[in-house]
1. Using every Cα-Cα pair within the range 66-261, state what percent have a distance larger than 22 Å.
2. May I ask which of K180/K246; K364/K390; K148/K210; K148/K169; K180/K375 have a Cα-Cα span longer than 20 Å here?
3. For the range 309-397, what number results from the quotient of the Cα radius of gyration and 2.2 N^0.38 Å?
4. Which whole-Hz couplings ³J(HN,Hα) result when phi for each residue of the range 379-392 is put into the Karplus expression 6.51 cos²θ - 1.76 cosθ + 1.60, θ = phi - 60°, listed in order with x for Gly and Pro?
5. Using only alpha carbon pairs under 8 Å that are at least six residues apart, calculate the relative contact order of the range 66-261 and give it in whole percent.
6. If a paramagnetic tag sat 7 Å from the Cα of D336 along the Cα-Cβ line, which residues of the range 367-401 would have the backbone N under 18 Å from that point?
7. Hull surface divided by four, with the convex hull built on the Cα atoms of the range 75-156: how many nm²?
Amino acid sequence: MSKALKRLNMSLKQRATVQLGIGPMSIHCVDAVIEMANAARHPLMLVASRRQIESASKGANSVPRIKILILTANPVNTAHLQLEREVSEIEDALQESTLRDQFEIISRGAVTVDDLSATIQRHNPDLAHFSGHGTGENGLVFEDKNGKLKLVPDDALIEMFRLAKKSVKCVFLNACYSEKQAEAIYQQIDCVIGMNRPISDQTAIRFAPKFYAALAEGSSFQDAFDWAKTCLRLDSNLEATTPVQKIRQGAANLFSTSQLSSEAMTTPKQSPQPTPHKSMIVGDVKINGSNNPFHAIQGDGNTVSQTISQSASTSSDFQTAIAALKQLENAIVINDALNSTQKMMTNIPISVIETELQQLKPNKGIVDEAIVALKQALAGVVTLAEPVTKVTELLAKAGLV
């Protein structure tokens, strides 16, 4: 039961006055409220919204709702992602939008390769959204029957969306290194969004809801994408250039001009301009402050006082090194030469290096020890020699090894 229904249930039990509900309301909400009012023997009045009344007078099928199918996958042998939070944020963003009644969200978690095509075929969505891991050249990460990692090749995605393109107007791949898959799917779908490098959970969770909120204010796919990226820039988010969009000129929009003119349209609210005490996000670290000494708030909530001591070029070197580490991490996950225990042994040094790179003053000694441990853990794995060397060279460029 949602928080709103819980509050209503308590109100029905405590008050003797008539409870008034004013739309818009989903059929499920109406059913739940009526059931609770009957159980409490309490008078209830529900008033539908104007759009619901007009839609009902025209017939239930006059304006089909726009379906957003959200598919998530986080295999047990991959890094944990906050996928449920992302889905919840998207739902909340749509609920607060002008055209919320026009949208329907269908979400499926722990999606297996078998689920993928069957779910899209069953629901015929207008928008298909995937959240999870991406590996670039090796494909998107889904789950097998045991909940472990299974990759989907690009040619299979192309064929699937060729069959689904009658309904699917846009595909959103909220996964690291998914630009390659976006390019592939773009062969069949007019609008596809992907990521050209790793994207942090925090940024992924912020960007996607902004895109859908703009759509639900009547924006085109292009404008919705631009609104979402603008929100990241307004927040001084260094990952604002990570999302990329492939879109054809003349790509179909979700709403026709006649549909929009019948609604009381409002312009999507622009996020407030940053205050003098700017906020900046680097990976999982949020940095608050101005040109004076400031506080860096890490993902675990710990606060440490730091002063700015890095140039823009050094910060860029750190970001490049983090991206190379993510690539190495993904390569380790799919490498057949390592067993599960050996793969787990690489998690510690990689995590240590990533954590240090997110500090304003990384500890050179700790990074050096971690890279030595990482090399020892991967010694003899020929296929991983090149990405390990790349990480080492980037750390050396940043003056950390």
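A short reminder: the numbers here are calculations on the coordinates, not readings from a lab. Just so it is clear, the structure is predicted and the values come from calculations on it, not from any experiment. As a convention, Cβ positions derive from the backbone with ideal geometry for all residues, glycine included, and neighbour counts pool all protein chains shown.
1. Every Cα pair in the range 66-261 considered, those over 22 Å come to 42 percent.
2. Numbers: K180/K246 11 Å; K364/K390 18 Å; K148/K210 31 Å; K148/K169 30 Å; K180/K375 29 Å.
From the list (K180/K246; K364/K390; K148/K210; K148/K169; K180/K375), the Cα-Cα distance tops 20 Å for K148/K210; K148/K169; K180/K375.
3. Values: Rg = 12.9 Å, N = 89, 2.2 N^0.38 = 12.1 Å.
Compared with the compact-globule rule of thumb, the range 309-397 sits at 1.06.
4. After applying 6.51 cos²θ - 1.76 cosθ + 1.60, I find 4, x, 8, 4, 5, 9, 4, 5, x, 5, 4, 4, 4, 4 Hz.
5. Working: 388 pairs, mean separation 42.8, N = 196.
For the range 66-261, the relative contact order is 22 percent.
6. Label zone hits: 381-385.
7. Numbers: hull surface 24.9 nm².
If you wrap the Cα atoms of the range 75-156 in a convex hull and average its projections, you get 6.2 nm².
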